[in-house]
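To start, the structure under review is shown below, and the notes come after it.
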Amino acid sequence: MSFLEYAPAPESKSILHLKKDYGLFIDGDFRDGHGTPFTTISPADESPIARIANANTADVDTAVAAARRAYDKTWSRMSGADRGKYLFRIARLVQERSRELAVAESLDNGKPIKESRDVDVPLVAAWFFYYAGWADKLDHAGLGPSPRALGVAAQVIPWNFPLLMLAWKIAPALAAGNTVVLKPAETTPLSALVFAEILQQADLPAGVVNIITGAGDTGSALVNHPDVDKVAFTGSTAVGRAIARSTAGTGKKITLELGGKAANIVFDDAPMDQAIEGIVNGIFFNQGHVCCAGSRLLVQENIHDEVIDRLKQRLSTLRMGDPLDKNTDIGAINSKAQLERIRALSEVGEQEGATRWSADCEIPAKGFWFAPTIFTNVETSHRIAREEIFGPVLSVLTFRTPAEAIAKANNTPYGLSAGIWSDKGSRILGVADRLKAGVVWANTFNRFDPASPFGGYKESGYGREGGRHGLGAYLQSGWSDALPASRSPRPSRAIRPSTKAKPAEKAVRAASKGAAS
Amino acid sequence: MTIEQSVALAPAARAIQLIGTDLTEKSLKLHLDGLSGVDAVGLEARAAGLATRSIKTTSKAWALDTIIRLIDLTTLEGADTPGKVQSLVAKAMNPDPSDPTTPRVAAVCVYGDMVADAVAALGSAHAAGGPTGINVAAVATAFPSGRASLAVKLADTRDAVAAGADEIDMVIDRGAFLSGRYGVVFEQIVAVKEACRRDDGSMAHLKVILETGELNTYDNVRKASWLAILAGADFIKTSTGKVQPAATLPVTLLMLQVVNDWNRLTGEKIGVKPAGGIRSSKDAIRYLVTVAETVGEEWLHPHLFRFGASSLLNDVLLQRQKLKTGHYSGPDYVTID
């Protein structure tokens, strides 16, 4: 027998108390939606998990109204210290129910349980703990004394890190004093609905967080709702562009975290074994469904062959299969549509003349799967070197000098992240300074921390999430209003004249928008 | 400084092949300094990742038996006596009297002056380097400090080989290594390797102990691993067990990576032996996973991987009994040696 064919070690699903039907979480309770419900499936075997309510525009109105009510009556009147208490409580409950959340996430998303267990869920708790600490310290957020919340935040999140993206959105919004309507992705609503149960358990006042499920039209109705003050979106650049267009001139504050085509630069003096690990982690972590994935490997020409050789050896040890098995390294592709996109772009890669190599994995009969793949002989003009594939596909390019590496790394419409591998500190600092990317990792990749701001240049979006900067995205300066928000909630938009914002406030918004762009 | 006599010595053939016939302190240093660096954070993260593998049921049963087969059952005390060695050997031959299917360990590891007692106690079970039975390994070269003249170290080695040791566990001169005198370290390993030669021309297996706890940095461990392999080591071994930290998973992973690099370069297979501090089955299984996923399963054989351990065996036996019977017994249901 082969030791490496480890006996199955599946995480038990029994910890997850699945309901057959999940409603919309509005005003503190689950309720039916008025759209046609849909079924969420496990991408690993296409089996149905649960029926999910679908929010139509009336449901969106109800949710936004609930959030507005909670903002006016409760949340904006509460002291920062008390808001912090709720956030700490949520963080602890996330830790207590971490196994359940990890199972829900892996089941619905297809990512390996070891990633949801060791990365996603611990980071979710960390995010709530971090922003819980900020709730009573907003004077130090960099916006002057007594900054004010924005109001109701509409948040639309993607399917690649369903629960983590929820935490990135909800934690800073609540800490800053906003209320939230959040829409998880159509294919991955489950963990957000389990999280809604946690909110009930935490006794979070009704309406402070509302979670509505549905497809793109639900999201569109939400971000375009007239009573929304802030829009935060993570997802594709195409949708981000549409949101930017439709919210322009409405006075809504907006944060967009979009696509990427990150360069992972390996110099010939890199710590080789760790660089190989970093390349693997950069592109094959979470099946490559990572906006900041290191999908373009830029390797110094003199070590190209060795790197590729070692990379292939390492990829051959990756274990693809049941996402709930604790030894699985590569899980399922999240949806059929995404699998088709990955396949199509890979075929384009071959047609354009790049050399394809895929790890020899046994592909399960059911579900959506794609073997870890690397393309060599990729030129900067190839589509696989320019477009975001959002899958376990690595494009390898070479460079000769640091200057060429920097030029090639920056030669993309995106600018979310980048990686540098070198044993030489001065080179790392010098190159990092010249990379146009929101996050630059040195001798590591795909590491996240709630204290570190995250966001992109160019078509990768604007605004930052995480850290003090992420908090600022949900605040406005207190100078434009004599009274701090905690004692003077703004009147509901619904009863306001159509100009919506007071002139002074509008000017502040315009200025902050100008500064952001 | 030219390493003159080493050019003529067969064990240095590897170095000559790789670096050239004009083997000098300088060429050796250039080679070692040219090795890729080690990023400590990344290495430790990889080791931690490997440690999360979940080894259950049939895989666990296989792993537990394999661990026993890979153990160098060790006693290295100033208080060692022929009686203690006899007891150790008895345990090595029959680890679990309640279960005759229990495999035997790979070797017993003792001080040089105890080799004859170990050989006598083993009797017909002495493998003497053969495929079945149990080997006798001796620590040598002024173990554990290595602070003695080369002449003394060589005499120590020859004594043990003459007494019937099948394997020699030598220590490198860490002082020479840390002061940058790689040539001295190299020469001593070459000379000890030569001292492993028996009258009939065959050679005792040489394990080279790097004492990674004293080398302190991962970069040093990588250099010392290369140095030992170039000088003719059959095995590279982490520690004496007398210095803390002894074997750690990241250090062992790093040494396995060097062994993997050497195999890619030459096709030759070098063994690895973590020693000291591995006390639980859970820990030992993590090492098996690390070996299998770094150099491959073929390394999970006594001629390419060993555990230097004393208390590990009894924990493995307890786990083995648990797997068979479904319940834990207790420390009184395994024998002390």
Review point. Residues in segment B:34-73 that are among the hydrophobic types (A, V, I, L, M, F, W, C), surrounded by fewer than 19 Cβ atoms within 10 Å (Cβ to Cβ) and assigned to a loop (DSSP other than H, G, I, E, B): how many?
Key: 2
Study note, to complete from the structure: Just one listed residue, out of A:197, A:186, is surrounded by fewer than 24 Cβ atoms within 10 Å (Cβ to Cβ), closer than 30 Å to residue A:336 by Cβ and under 16 Å from the mean Cα position of the chain (by Cα), and it is A:186
Exercise for review: Mind counting the residues in segment B:58-78 that are of a type in the set (A, V, I, L, M, F, W, C), in contact with a helix residue (DSSP H, G or I) (Cβ under 7 Å, 6 or more places away or on another chain) and more than 10 Å from chain A (Cβ to nearest Cβ)?
Suggested key: 5
Point to revise | Residue list for segment A:113-145, restricted to those being under 17 Å from residue A:447 (Cα atoms) and within 14 Å of another protein chain (Cβ to nearest Cβ) | key: A:114, A:115, A:116, A:117, A:118, A:119, A:122
Exercise for review: From B:272, B:291, grab the single residue that is within 14 Å of another protein chain (Cβ to nearest Cβ), at pLDDT 95 or above and under 27 Å from residue A:312 (Cα atoms).
Suggested key: B:291
Practice item. Just give me the residues in segment A:219-238 being crowded, with 23+ Cβ neighbours inside 10 Å and either assigned by TED's automatic domain parsing to the domain that holds residue A:389 or under 19 Å from the mean Cα position of the chain (by Cα) (or both), in sequence order. Key: A:219, A:222, A:223, A:230, A:231, A:232, A:233, A:234, A:235
Review point. Just wondering, is there one or more residues in segment B:25-35 that are more than 26 Å from residue B:264 (Cβ to Cβ) and in contact with a Pro (Cβ under 9 Å, 6 or more places away or on another chain)?
Key: no
Review point. Any chance segment B:32-43 includes a residue that's away from chain A (no Cβ under 14 Å) and either touching a helix residue (DSSP H, G or I) at 6+ places or on another chain (Cβ under 6 Å) or not charged (D, E, K, R) (or both)?
Key: yes
Check your understanding: So which of A:317, A:255, A:328 ends up being in contact with a Gly (Cβ under 7 Å, 6 or more places away or on another chain), within 29 Å of residue A:100 (Cα to Cα) and among the polar types (S, T, N, Q)?
Key -> A:328
Check your understanding: Inside segment A:363-465, counting only helices (runs of 4 or more DSSP H) that do not spill past its ends, which hold 1 or more residues that are surrounded by fewer than 23 Cβ atoms within 10 Å (Cβ to Cβ) and within 14 Å of chain B (Cβ to nearest Cβ)?
Key -> A:425-434
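Each row is one residue, and each column tells you yes or no for (1) assigned by TED's automatic domain parsing to the domain that holds residue A:187; (2) farther than 27 Å from residue A:135 by Cβ; (3) within 24 Å of the chain's Cα centre (by Cα).
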site: A:9; (1), (2), (3): no, yes, no
site: A:43; (1), (2), (3): yes, yes, yes
site: A:50; (1), (2), (3): yes, yes, yes
site: A:74; (1), (2), (3): yes, no, no
site: A:82; (1), (2), (3): yes, no, no
site: A:92; (1), (2), (3): yes, no, yes
Review point. Can you name the residue in segment B:100-156 that is over 18 Å from the mean Cα position of the chain (by Cα) and basic (Lys, Arg) and, of all such residues, is farthest from residue B:306 (Cα to Cα)?
Key: B:147
Point to revise | So residue A:242, is it modelled with pLDDT of 95 or more, crowded, with 22+ Cβ neighbours inside 10 Å and of a type in the set (Gly, Ala, Ser) | key: no
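For every residue, the table says whether it meets (1) within 14 Å of another protein chain (Cβ to nearest Cβ); (2) among the charged types (D, E, K, R); (3) over 23 Å from residue B:277 (Cβ atoms).
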{"site": "B:56", "(1), (2), (3)": "yes, yes, yes"}
{"site": "B:83", "(1), (2), (3)": "no, no, yes"}
{"site": "B:94", "(1), (2), (3)": "no, no, yes"}
{"site": "B:97", "(1), (2), (3)": "no, no, yes"}
{"site": "B:100", "(1), (2), (3)": "no, no, yes"}
{"site": "B:108", "(1), (2), (3)": "no, no, no"}
{"site": "B:114", "(1), (2), (3)": "no, no, no"}
{"site": "B:127", "(1), (2), (3)": "no, no, yes"}
Review point. What tally of residues in segment A:268-280 results from selecting those that are surrounded by 24 or more Cβ atoms within 10 Å (Cβ to Cβ), within 9 Å of chain B (Cβ to nearest Cβ) and not in a loop (DSSP other than H, G, I, E, B)?
Key: 4
Check your understanding: For segment A:55-91, which residues satisfy the criterion of being buried (at least 22 other Cβ atoms within 10 Å of the Cβ) and outside any helix (DSSP H, G or I)?
Key -> A:55
Point to revise | Filtered residue count, segment A:324-358, keeping only those that are within 30 Å of residue A:162 (Cβ to Cβ) and either more than 14 Å from every other protein chain (Cβ to nearest Cβ) or of a type in the set (Ser, Thr, Tyr) (or both) | key: 21
Exercise for review: Identify the single condition in (1) in contact with a Lys or Arg (Cβ under 9 Å, 6 or more places away or on another chain); (2) more than 27 Å from residue A:174 (Cβ to Cβ); (3) in contact (Cβ under 8 Å) with a residue 40 or more places away in the chain that residue A:229 does not satisfy, given that it satisfies every other one.
Suggested key: (2)
Exercise for review: Please work out which one of (1) within 14 Å of another protein chain (Cβ to nearest Cβ); (2) touching a residue at least 40 places away in the same chain (Cβ under 8 Å); (3) more than 25 Å from residue B:138 (Cα to Cα) is the condition residue B:300 fails and give its number.
Suggested key: (3)
**Study point:** Complete set of residues in segment B:246-255 that are more than 14 Å from residue B:224 (Cβ to Cβ) and either within 10 Å of chain A (Cβ to nearest Cβ) or free of Cβ contacts under 8 Å to residues at least 24 places away in the same chain (or both)
**Key:** B:253
Exercise for review: Output the number of the condition that residue A:249 fails; it satisfies all remaining conditions of (1) in a helix (DSSP H, G or I); (2) more than 14 Å from chain B (Cβ to nearest Cβ); (3) out of contact with any Leu (no Cβ under 6 Å at 6 or more places or on another chain); (4) not basic (Lys, Arg).
Suggested key: (1)
Practice item. Please name all residue pairs, on different chains or six or more residues apart, with Cβ atoms under 7 Å, provided the first residue is in segment A:2-24 and is more than 7 Å from chain B (Cβ to nearest Cβ) and farther than 12 Å from residue B:53 by Cα and the second residue is among the basic types (Lys, Arg) and part of a helix (DSSP H, G or I). Key: A:15/A:99
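The values are calculated or read from the model by the stated rules, or taken from the named source; none is laboratory data. Nothing here was measured: the structure is a model prediction, and the numbers come from that model. Cβ sites come from the backbone with ideal geometry, for glycine too, and all protein chains shown count toward neighbours.
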